[in-house]
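Input: a single structure, listed below in structure tokens.
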Amino acid sequence: MFNSKRLGLARKRRGLTAKGLAELAGLSEVTLYRLESGEKPDDLTIELLAKALKYPVDFFFGDDPEEVDTAAVSFRSLTKMKAKERDAAVAAGAIGLQLSDWLEREFSLPDPNLADLSYETDMETAARLMRQYWGLGERPVTNMLGLLEVHGVRVFSMSENTASVDAFSFWRGGKPYIFLNTFKSAEHSIFDAAHELCHLVVHKHTSPQRSPVAEREANAFASAFLMPTADVRSRMTRFISVDEIIRAKKRWRVSAMAMAYRLHTLELLSDWRYKSACIELGRRGYRLEEKEGIERETSAVWKKVLTQLWSEKMTKSDIAKKLNLPTDEIENLVWGLTGSTARPEPIEGGLRAVK
Ligand SMILES: [Zn+2]
């Protein structure tokens, strides 16, 4: 049976309005509304829709797709985000869950190992407790994504072509999920990952709608988690120049602006020095891009999975076919990794093939 919800999902995923899709498929807007409200299309119409959406025909047949609750999804810069961009990102989440369920069936992934810090109101403390829970001490996090994966967070990429979607996260069936937009700098993505970690551990039980307070908390948590107080204090001199900020940001794998902000929070930069550092960084172009940036982190889990599949002569297209999804949707979710070039590193905590 043709599933109208699947049609709606694919349309949103492609960032199209009903009108836009109708035009693309050569159908009337009324027809499209009817189809999305449950009317069954004929074979030719399904073909036209599949072609316009670049989705396999089989995708439109099957159970209702599990939707990611828009309210449960904590979007940053929600006010700036256009509804279409939000819908496309939420739809990426829904597609991601289909891929995730396949992954869980085929492979054994690390169990979630996250502290519940929902009682904590001070973010410096929350970040310290989270570090303690994972035995990180004061050292910089060398691989934020790997750290999350080892502790059972399911991390997917989104390549949404917009700066207004950063990331989102949620719990589902006792498992934590994070979706990260790779449109921004590698440093920005790491900060986003730490920000979402806060939502998963501190805001686990609060109402799904994220408040400005929760957003501020998540940023404070990310800042403290990535740049631990004692480590920063012991390594920075008394009078910090902009060049030092740029050197320091590499150690903690954050943006220069995030580094400066942290130094100001820790009162290692006075108000005046912080302000002039920001101006100087802006003058050097750091507001527009992250200069002297680090390499983007990618998923160790997916590297390993794709490599194993490759050895069995299975590619991303084969996964896509199995799931009745377009290959580009799989690419979008797995950090652009491929089996052939992937060099898997051993994953602590274990990732075993069950087949
Ligand atoms: Zn947030």
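The values are calculated or read from the model by the stated rules, or taken from the named source; none is laboratory data. Just so you know, these numbers come straight off a predicted model, no measurement behind them. Cβ atoms come from the backbone with ideal geometry, glycine included; neighbour counts cover every protein chain shown.
Taking the condition of being assigned to a helix (DSSP H, G or I) and crowded, with 23+ Cβ neighbours inside 10 Å, how many residues in the stretch 191-213 meet it? Spell out the reasoning first.
Initial filter on the stretch 191-213 (assigned to a helix (DSSP H, G or I)): 191-201, 212-213.
Of the ones still in play, those that are also crowded, with 23+ Cβ neighbours inside 10 Å are 191-200.
Adding up the residues that qualify gives 10.
When only residues in the stretch 114-149 that are polar (S, T, N, Q) and part of a helix (DSSP H, G or I) count, which is nearest to Arg233 (Cα to Cα)? Write out each step before concluding.
Applying the first criterion (polar (S, T, N, Q)) to the stretch 114-149 yields 118, 121, 125, 132, 142-143.
The next check asks that each one be part of a helix (DSSP H, G or I); those that pass are 125, 132.
Values: Thr125: 16, Gln132: 19 Å.
Step by step, filter the stretch 114-149, then rank; the result is Thr125.
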Exactly one of Ser311, Ser255 is more than 30 Å from Asp64 (Cα to Cα), of a type in the set (Ser, Thr, Tyr) and either at pLDDT below 90 or assigned by TED's automatic domain parsing to the domain that holds Leu145 (or both), and that one is Ser311
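Where in the stretch 238-339 are there helices (runs of 4 or more DSSP H), lying wholly inside it, with at least 1 residues that are under 30 Å from Phe59 (Cα atoms)? Reasoning before the result, please.
On the way: elements: 242-252, 256-265, 271-283, 300-311, 316-323, 327-333.
Fully inside the stretch 238-339 and qualifying: 300-311, 316-323, 327-333.
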Which one is modelled with the highest pLDDT among residues in the stretch 165-190 that are in contact with a Lys or Arg (Cβ under 6 Å, 6 or more places away or on another chain) and outside any strand (DSSP E or B)? Ile190
Among the residues of the stretch 36-59, which ones are of a type in the set (Phe, Trp, Tyr) and in a loop (DSSP other than H, G, I, E, B)? Tyr55
Checking the condition over 22 Å from Lys250 (Cα atoms) and out of contact with any strand residue (DSSP E or B) (no Cβ under 9 Å at 6 or more places or on another chain), which residue from Leu147, Leu129 passes? Leu129
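Of the residues Ala127, Ala193, which single one is away from the ligand (no atom under 14 Å from the Cβ) and in contact (Cβ under 8 Å) with a residue 12 or more places away in the chain? Give the derivation first.
Numbers: Ala193 fails: away from the ligand (no atom under 14 Å from the Cβ).
None of the other options fit; the residue is Ala127.
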Given the structure, is Ser185 among the polar types (S, T, N, Q), more than 16 Å from the ligand (Cβ to nearest atom) and without any contact (Cβ under 8 Å) to a residue 60 or more places away in the chain? no
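So, of the residues in the stretch 196-239 that are aromatic (Phe, Trp, Tyr) and at pLDDT 95 or above, which turns out to be farthest from the ligand (Cβ to nearest atom)?
First, pick out the residues of the stretch 196-239 that are aromatic (Phe, Trp, Tyr): 221, 225, 239.
Next, from what is left, pick out any that are at pLDDT 95 or above: 221, 225.
Working: Phe221: 10, Phe225: 14 Å.
Applying the filter and picking the extreme gives Phe225.
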Do you know which of the residues in the stretch 130-175 that are free of Cβ contacts under 8 Å to residues at least 24 places away in the same chain and either crowded, with 18+ Cβ neighbours inside 10 Å or within 16 Å of the ligand (Cβ to nearest atom) (or both) is nearest to Ala230 (Cα to Cα)? Leu147
Residue list for the stretch 10-26, filter: modelled with pLDDT of 95 or more and either under 15 Å from Asp58 (Cβ atoms) or among the hydroxyl-bearing types (Ser, Thr, Tyr) (or both): Ala10
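Among the residues of the stretch 233-240, is any buried (at least 16 other Cβ atoms within 10 Å of the Cβ), in contact with an Asp or Glu (Cβ under 9 Å, 6 or more places away or on another chain) and closer than 18 Å to Glu290 by Cα?
Narrowing the stretch 233-240 to residues buried (at least 16 other Cβ atoms within 10 Å of the Cβ): 236, 240.
Subsequent filtering for residues that are in contact with an Asp or Glu (Cβ under 9 Å, 6 or more places away or on another chain) retains 236.
Next, from what is left, pick out any that are closer than 18 Å to Glu290 by Cα: none.
Checked against the condition, which is being buried (at least 16 other Cβ atoms within 10 Å of the Cβ), in contact with an Asp or Glu (Cβ under 9 Å, 6 or more places away or on another chain) and closer than 18 Å to Glu290 by Cα, the stretch 233-240 yields no hits at all.
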